[in-house]
Amino acid sequence: MKKIITLILALAFVMPFYADAANKQLEKARKKELSQKLKEYKKGGWTILGSRTLEFSLANHYDKLNQLGEDGHEVEGISSSTKSKNIGKQSAINSAVITYAQEAGSTLQGRVLADMAANGVEPSAEFDNFYAAYERLVEKEIRGELEPSYTIIHDNGNGSFEVRSYFIVSEKAASKARQRALEGALKDSEAAQKIGDKISGFVREGFDK
């Protein structure tokens with residue numbers, strides 16, 4: 001019994017040390033990541049679009065992602081050629097929404113097809129319309145869940161600019177948005193309704209399962 005107590009006390013003493021060491025190592029990795037990204041942007045001629053500095057905006061972006069942990073999801077929107085910075089930023093926002101919706105649609109389609117193949121079921125043509133409707137509705141639902149983080153701009157040298165906007169979305173909020181989109185998409189698809197519970201589970205899983 002005394003040996004067990006001694007072991008427990010020893011662990012209680014050692015664990016905070018290892019936890020502190022792990023935290024320092026993680027913080028060091030975060031600073032290195034920030035430094036590398038800043039060098040990449042500056043080397044590429046990217047500047048921040050807004051009143052904050054690039055350093056502050058990027059550090060704030062990573063802090064938000066770190067706080068959210070696994071619940072945080074970064075989304076990028078790109079406008080490759082625009083003569084207006086404001087129009088470019090709006091185009092980048094639309095690009096981010098479309099990118100997220102396409103990723104969600106492709107992920108869902110892949111899981112549904114894999115599940116059907118595993119069960120020897122051939123998907124009907126009606127499913128193509130279902131996936132398209134789902135993507136359109138995800139675009140609508142996710143727009144309000146994307147939190148703007150920072151926007152960078154690059155002079156293309158021909159009178160136009162490339163604009164990239166970055167957003168952070170909570171996976172919990174995004175899951176609810178995808179579920180709302182799914183409810184709408186299922187209404188017009190009898191084939192999808194037959195496996196609605198299975199599809200709903202795939203939608204809740206997100207991108208990383």
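Quick rundown of the values:
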{"read-out": "Candidate set from region 26-70 (those that are at positive phi and not in a helix (DSSP H, G or I)); member that is farthest from the chain's Cα centre (by Cα)", "value": "Gly45"}
{"read-out": "Answer from Asp71, Asp63, Asp115, Asp128 - the residue that is surrounded by fewer than 18 Cβ atoms within 10 Å (Cβ to Cβ), without any contact (Cβ under 8 Å) to a residue 24 or more places away in the chain and closer than 24 Å to Leu182 by Cβ", "value": "Asp128"}
{"read-out": "Any hit, region 158-167, residues being closer than 18 Å to Ala185 by Cα, surrounded by 14 or more Cβ atoms within 10 Å (Cβ to Cβ) and of a type in the set (Phe, Trp, Tyr)", "value": "no"}
{"read-out": "Checking Arg164 against (1) charged (D, E, K, R); (2) out of contact with any strand residue (DSSP E or B) (no Cβ under 8 Å at 6 or more places or on another chain); (3) part of a strand (DSSP E or B), the condition it does not meet", "value": "(2)"}
{"read-out": "Subset of region 32-54 (residues that are open to solvent by less than 80 Å² (accessible area, probe 1.4 Å), free of Cβ contacts under 8 Å to residues at least 40 places away in the same chain and either under 18 Å from Glu162 (Cα atoms) or in contact with a helix residue (DSSP H, G or I) (Cβ under 8 Å, 6 or more places away or on another chain) (or both))", "value": "Leu34, Lys37, Leu38"}
{"read-out": "Boolean, Phe161 is farther than 26 Å from Gly77 by Cβ and aromatic (Phe, Trp, Tyr)", "value": "no"}
{"read-out": "Subset tally (residues that are over 27 Å from the mean Cα position of the chain (by Cα) and of a type in the set (Asp, Glu)) for region 112-148", "value": "2"}
{"read-out": "Qualifying residue in region 75-84 (condition: of a type in the set (Asp, Glu), at pLDDT below 95 and either surrounded by 13 or more Cβ atoms within 10 Å (Cβ to Cβ) or in contact with a strand residue (DSSP E or B) (Cβ under 9 Å, 6 or more places away or on another chain) (or both))", "value": "no"}
{"read-out": "Flag for Thr151 being of a type in the set (Ser, Thr, Tyr), under 23 Å from the mean Cα position of the chain (by Cα) and crowded, with 19+ Cβ neighbours inside 10 Å", "value": "yes"}
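The values are calculated or read from the model by the stated rules, or taken from the named source; none is laboratory data. For clarity, every value in this text was computed on a predicted model and none was experimentally measured. Because the Cβ atoms are built from the backbone with ideal geometry, glycine has one as well, and the counts that use them run over all protein chains shown. In case anyone asks, the SASA skips ligands and DNA or RNA and just uses the protein heavy atoms, side chains included. Shrake-Rupley method; radii C 1.70, N 1.55, O 1.52, S 1.80 Å.
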